[in-house]
Amino acid sequence: MGQRDRGRAWVPVVLLGVAWAAWGGGCGKAKESAGGGAGAEAAAAPAEGAEFRVEARHEAAAKVGETVTAVLTATGVAPWHVNVEYPVKLEIVAAEGFAGPASPMRKEAAAKLDESELRFEVPLVAEAAGERPVELKLKFGLCSADRCITREATERWTVLVGEE
């Protein structure tokens, strides 16, 4: 390969990346598993900052009377880690048509809390049919070797609730 040809070798890779992004590539969109019916799992677009990543996973659809479990996970991006000593608050901002736990939830209600991960598992029982918006707001702390900070992240999605 000559000097001129080496410079062009990356062009197909760039074009493939552009095509992937134009197609959707999964970035910033809710992802549903095959089937799309009750019990299909989806992920809300993750909330991210330079220091953290927060992701929500949940069922994409349910029937009245069924429980949708929202799993909200926060992790630090190196060199940051979850501050287990800082107060944690998970607020159920919107969940009309669902019955759920008392809001706000504190760190004692977390399914997992260590320096690698903060995870809440929030059971929401569908009470009314329709497209039901859910919004959770998480406030938590992160630390690096030399300082600690607080961050907030909000996750929003819609669950399609069908009749019994």
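Please go through region 136-164 and pick out each residue that is surrounded by fewer than 14 Cβ atoms within 10 Å (Cβ to Cβ), out of contact with any Phe, Trp or Tyr (no Cβ under 9 Å at 6 or more places or on another chain) and either of a type in the set (Ser, Thr, Tyr) or closer than 25 Å to Asn83 by Cβ (or both).
Passing the criteria: Ala145, Asp146, Arg147.
For region 113-121, state whether one or more residues are at pLDDT 95 or above, surrounded by fewer than 16 Cβ atoms within 10 Å (Cβ to Cβ), part of a loop (DSSP other than H, G, I, E, B) and touching a strand residue (DSSP E or B) at 6+ places or on another chain (Cβ under 8 Å).
Within region 113-121 (the criterion being at pLDDT 95 or above, surrounded by fewer than 16 Cβ atoms within 10 Å (Cβ to Cβ), part of a loop (DSSP other than H, G, I, E, B) and touching a strand residue (DSSP E or B) at 6+ places or on another chain (Cβ under 8 Å)), the answer is yes, since at least one residue qualifies.
Would you pick out the residues in region 129-144 that are outside any loop (DSSP other than H, G, I, E, B) and aliphatic (A, V, I, L, M)? Outline the logic, then answer.
The initial filter retains those residues of region 129-144 that are outside any loop (DSSP other than H, G, I, E, B), namely 130-143.
Across region 129-144, the qualifying residues are Val134, Leu136, Leu138, Leu142.
Please state which of the following conditions Pro12 fails to meet, knowing it meets all the rest: (1) at pLDDT 95 or above; (2) over 18 Å from the mean Cα position of the chain (by Cα).
Result: Pro12 fails condition (1) only.
For (1) under 18 Å from the mean Cα position of the chain (by Cα); (2) without any contact (Cβ under 8 Å) to a residue 12 or more places away in the chain; (3) on the phi < 0 side of the Ramachandran plot, each residue gets a yes or a no:
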| position | (1), (2), (3) |
| --- | --- |
| Ser103 | no, no, yes |
| Arg106 | no, no, yes |
| Lys112 | yes, yes, yes |
| Pro123 | yes, no, yes |
| Glu127 | no, no, yes |
| Gly130 | no, no, no |
| Lys139 | yes, no, yes |
| Asp146 | no, yes, yes |
| Glu152 | yes, no, yes |
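Give region 76-106 a look and list any residue that's crowded, with 18+ Cβ neighbours inside 10 Å and either polar (S, T, N, Q) or not in a loop (DSSP other than H, G, I, E, B) (or both), or say none.
Hits for region 76-106 are Gly76, His81, Val82, Asn83, Leu90, Ile92, Phe98, Met105.
Okay, residues lined up against (1) out of contact with any Cys (no Cβ under 8 Å at 6 or more places or on another chain); (2) polar (S, T, N, Q); (3) at pLDDT 90 or above:
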site	(1), (2), (3)
Cys27	yes, no, no
Glu41	yes, no, no
Thr75	yes, yes, yes
Gly100	yes, no, yes
Lys107	yes, no, yes
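The values are calculated or read from the model by the stated rules, or taken from the named source; none is laboratory data. As the structure is a computational prediction, the values presented were derived from the model and not from experiment. Ideal geometry is used to build each Cβ from the backbone, glycine not excepted, and the neighbour counts take in all protein chains shown.
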